[in-house]
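Remarks on the structure that follows.
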Amino acid sequence: MTQHARRLPQLNTWPRWPLLTVLSVLFLGPIIAPLFQATQLWLVADSGALARDLLSSYICPTPAKSYVLAGYPMAVCARCWGATIGLWLAWFACRPTDRPLNSILAWFTALPWPLRLALAALPFLLWVAEIVWWPAAPLGFLLLNGALAGCTAGLFFCSIYPGHTRRAQ
């Protein structure tokens with residue numbers, strides 16, 4: 001180590017495993033629910049149906065617009081599942097590394113958190129517009145719409161998760 005080399009300050013970090021666990025459940029849960037239902041096994045099929053009923057009743061705004069797997073609808077609509085894909089994209093874009101963040105992420109993380117929150121919320125207005133003015137939108141559009149909103153929300157959450165990103169020096 002040379003005399004001019006500087007060490008990065010130790011960041012107060014949280015473990016990443018809770019974040020990765022939540023992301024994994026959000027991504028795999030809607031896929032597993034219809035597959036559980038397709039097994040027709042007593043307890044397994046009932047748990048898949050319960051997941052579908054709970055998510056479609058309390059979380060998903062348009063549960064009828066979901067992909068069908070093995071003859072059963074996914075637990076959430078294509079838009080909500082797209083949002084989980086967007087969350088994963090943001091996590092991959094914001095992974096902590098020794099390289100400085102690219103200019104867009106550095107710009108985003110340099111903003112004050114209320115402004116980051118407002119920018120991350122903007123794509124969710126597309127959800128409202130699409131639900132109100134284009135109710136017959138194809139599932140592919142819903143998936144992309146959800147991925148955009150999920151990615152911006154993920155950028156915000158990654159920017160506030162302690163130690164997840166490093167600000168560009």
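Numerical summary
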read-out: Residues of the stretch 106-138 that turn out to be in contact with a helix residue (DSSP H, G or I) (Cβ under 9 Å, 6 or more places away or on another chain) and closer than 21 Å to Tyr161 by Cβ, as a count; value: 12
read-out: Residue match in the stretch 148-156 (condition: touching a Leu at 6+ places or on another chain (Cβ under 8 Å), among the aromatic types (Phe, Trp, Tyr) and at pLDDT below 90); value: no
read-out: Of residues in the stretch 134-147 being surrounded by 19 or more Cβ atoms within 10 Å (Cβ to Cβ) and not small (Gly, Ala, Ser), the one farthest from the chain's Cα centre (by Cα); value: Leu142
read-out: Enumeration of residues in the stretch 92-133 that are surrounded by 14 or more Cβ atoms within 10 Å (Cβ to Cβ), at pLDDT below 85 and not aliphatic (A, V, I, L, M); value: Cys94, Pro96, Phe108, Thr109
read-out: Residues that are of a type outside the set (A, V, I, L, M, F, W, C) and either farther than 16 Å from Asp53 by Cβ or in contact with an Asp or Glu (Cβ under 9 Å, 6 or more places away or on another chain) (or both), drawn from the stretch 24-41; value: Ser24, Gln37, Thr39, Gln40
read-out: Test: Val44 is aliphatic (A, V, I, L, M) and surrounded by fewer than 13 Cβ atoms within 10 Å (Cβ to Cβ); value: no
read-out: Yes/no for Ser57 being crowded, with 16+ Cβ neighbours inside 10 Å and at pLDDT below 95; value: no
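The values are calculated or read from the model by the stated rules, or taken from the named source; none is laboratory data. Quick caveat: nothing in here was measured; it's all calculated off a predicted structure. A quick note on method: Cβ atoms are made from the backbone with ideal geometry, for glycine too, and the neighbour counts reach across all protein chains shown.
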